[in-house]
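A.B. asks: Right, I'll just put the structure down here and ask away after.
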Amino acid sequence: MKVFVTGGAGYIGSHVVKALGEKGHDVLVYDNLSTGNEWAVLHGRLVVADLADKLTLARVLDEYRPDAVMHFAASIVVHESVQSPVKYYLNNTACTLNLIEAMLETGTGRLIFSSTAAVYGIAEGSPIVQESAPLNPINPYGTSKMMNELVLRDTSAAYNDFRYVSLRYFNVAGANREGRIGQVYKNATHLITRALKTAKGELGGLEIYGTDYPTSDGTCIRDYIHVEDLANAHIAALDYLGAGGESNVFNCGYGHGSSVREVVAQAKKITGIDFNVSECGRREGDPPALVAGNEKIKSVLRWTPLYDDLGYIIKTAWDWEKKLA
Ligand code: UFG
């Protein structure tokens with residue numbers, strides 16, 4: 001298939017592009033390189049352009065005429081979204097509208113959308129959320145993605161030829177096993193990356209944001225999923241839409257979580273470095289616990305996780321981190 005991939009030079013996008021290449025698909029990456037890197041595109045062709053530039057977007061789509069679109073390009077930092085909501089509504093919500101409109105204009109009818117567990121907000125009762133749970137995002141990042149999901153729902157209802165799969169990512173981490181691509185952000189905010197940068201000596205210490213949450217050890221619980229398992233979920237979603245599957249939404253996670261303290265302990269064990277950790281107050285916009293109910297993706301997309309092991313996730317992230325300057 002011909003697959004148009006926005007944000008394909010970024011962390012998750014580049015792993016999916018690699019997986020698409022390994023499956024023999026033709027790929028065109030559309031990325032403004034704001035956080036992505038040219039070297040991360042291991043397969044296909046890269047067009048450096050912005051989704052806000054509707055004319056270029058429409059022209060590139062029209063020339064390429066893909067069978068499907070995968071849409072990764074977005075701003076993703078929860079606490080930044082609390083401080084700069086307009087950036088998130090423009091870059092995530094509005095740019096996705098541009099993409100959907102261009103798809104409709106060029107007759108491109110299949111979309112795989114990068115959504116997030118942040119659409120759920122604070123889970124009621126059990127930390128395990130199913131896709132049918134109410135959407136109550138507690139930060140602009142989650143709201144911006146939820147708005148896109150609603151637009152997708154309505155668009156697929158209005159146009160028979162438009163079908164989509166929305167993948168709600170939980171906490172994506174790790175790097176590909178050959179160490180060719182991985183996460184590179186100038187100001188990393190994610191827990192595992194910050195822990196490893198602290199172990200490496202790049203950061204002076206790791207802060208635990210909040211120890212008074214209503215969880216087993218007082219720190220937040222998240223469902224950490226290896227980026228290659230997530231990449232495989234995209235391949236499964238592409239096959240599903242290719243086989244005529246109807247528009248659908250799936251959680252992407254392992255169905256169990258780890259606390260911040262557990263992640264820190266594993267990071268110390270894997271690196272062999274007893275790095276400096278301190279405790280501080282809560283970070284704005286953080287729900288206490290988010291774990292994916294994953295029965296649906298396993299049964300409908302026949303997705304089988306291969307790397308459900310926090311130690312492995314941290315090990316691949318550590319191997320990658322050590323390769324960075
Ligand atoms: N944390 C720390 N110290 C740090 C960094 C993070 O204690 O230095 C804590 C956070 O407070 C949170 C947990 O570690 O409790 C995980 O934080 P991350 O920043 O790694 O990830 P988030 O859970 O905030 O967000 C990520 C993605 C979102 C996605 C969400 C779903 O960035 O896109 O997971 O759970 F929506």
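A.B. asks: Looking at LEU51, LEU90, which is the one that is of a type outside the set (Asp, Glu) and within 30 Å of GLY179 (Cα to Cα)?
C.D. replies: Going through LEU51, LEU90 in turn, the sole match is LEU51.
A.B. asks: Is it the case that the stretch 172-185 has a residue that's polar (S, T, N, Q) and within 29 Å of GLU131 (Cα to Cα)?
C.D. replies: Within the stretch 172-185, one or more residues are polar (S, T, N, Q) and within 29 Å of GLU131 (Cα to Cα).
A.B. asks: Continuing with the same structure: Give the residue, chosen from LEU33, LEU51, LEU61, that is under 17 Å from GLY8 (Cβ atoms), buried (at least 24 other Cβ atoms within 10 Å of the Cβ) and away from the ligand (no atom under 16 Å from the Cβ).
C.D. replies: Only one candidate qualifies: LEU51.
A.B. asks: Cβ-Cβ distance below 9 Å, separation of 6 or more or different chains: which pairs start in the stretch 190-204 with a residue that is near the ligand (Cβ under 8 Å from one of its atoms) and end on one that is among the charged types (D, E, K, R) and part of a helix (DSSP H, G or I)?
C.D. replies: Taking only residues 6 or more apart or on different chains, the pairs are THR193/GLU321; ALA195/LYS268.
A.B. asks: Do we find that ASP212 is among the charged types (D, E, K, R), more than 18 Å from GLY13 (Cβ to Cβ), at pLDDT 95 or above and outside the structural domain of ALA19 (by TED's automatic domain parsing) in this structure?
C.D. replies: Here the answer is yes, as ASP212 does meet what is asked.
A.B. asks: From LYS296, LYS322, which residue is surrounded by 13 or more Cβ atoms within 10 Å (Cβ to Cβ) and touching a residue at least 60 places away in the same chain (Cβ under 8 Å)?
C.D. replies: Matching residue, one of LYS296, LYS322: LYS296.
A.B. asks: Let me ask you something else. Can you name every residue in the stretch 136-154 that is within 26 Å of VAL263 (Cβ to Cβ) and more than 13 Å from the ligand (Cβ to nearest atom)?
C.D. replies: Correct list: ASN136 only.
A.B. asks: When the stretch 155-174 is examined, which residues are found to be within 15 Å of the ligand (Cβ to nearest atom) and either among the β-branched types (Val, Ile, Thr) or in a loop (DSSP other than H, G, I, E, B) (or both)?
C.D. replies: PHE170, VAL172, GLY174
A.B. asks: Taking the condition of being more than 20 Å from the chain's Cα centre (by Cα), under 28 Å from TYR120 (Cα atoms) and within 14 Å of the ligand (Cβ to nearest atom), how many residues in the stretch 245-282 meet it?
C.D. replies: 10
Every residue, every condition in (1) surrounded by 23 or more Cβ atoms within 10 Å (Cβ to Cβ); (2) under 20 Å from SER247 (Cα atoms); (3) β-branched (Val, Ile, Thr); (4) more than 16 Å from the chain's Cα centre (by Cα), yes or no:
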residue: LEU97; (1), (2), (3), (4): no, yes, no, yes
residue: GLU101; (1), (2), (3), (4): no, yes, no, yes
residue: TYR120; (1), (2), (3), (4): yes, yes, no, no
residue: ILE128; (1), (2), (3), (4): no, no, yes, yes
residue: ALA133; (1), (2), (3), (4): no, yes, no, yes
residue: ALA158; (1), (2), (3), (4): no, yes, no, yes
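The values are calculated or read from the model by the stated rules, or taken from the named source; none is laboratory data. Predicted model, so just to flag it, every value in this text is computed and none were measured. With ideal geometry, Cβ positions are generated from the backbone for all residues, glycine too; neighbour counts draw on all protein chains shown.
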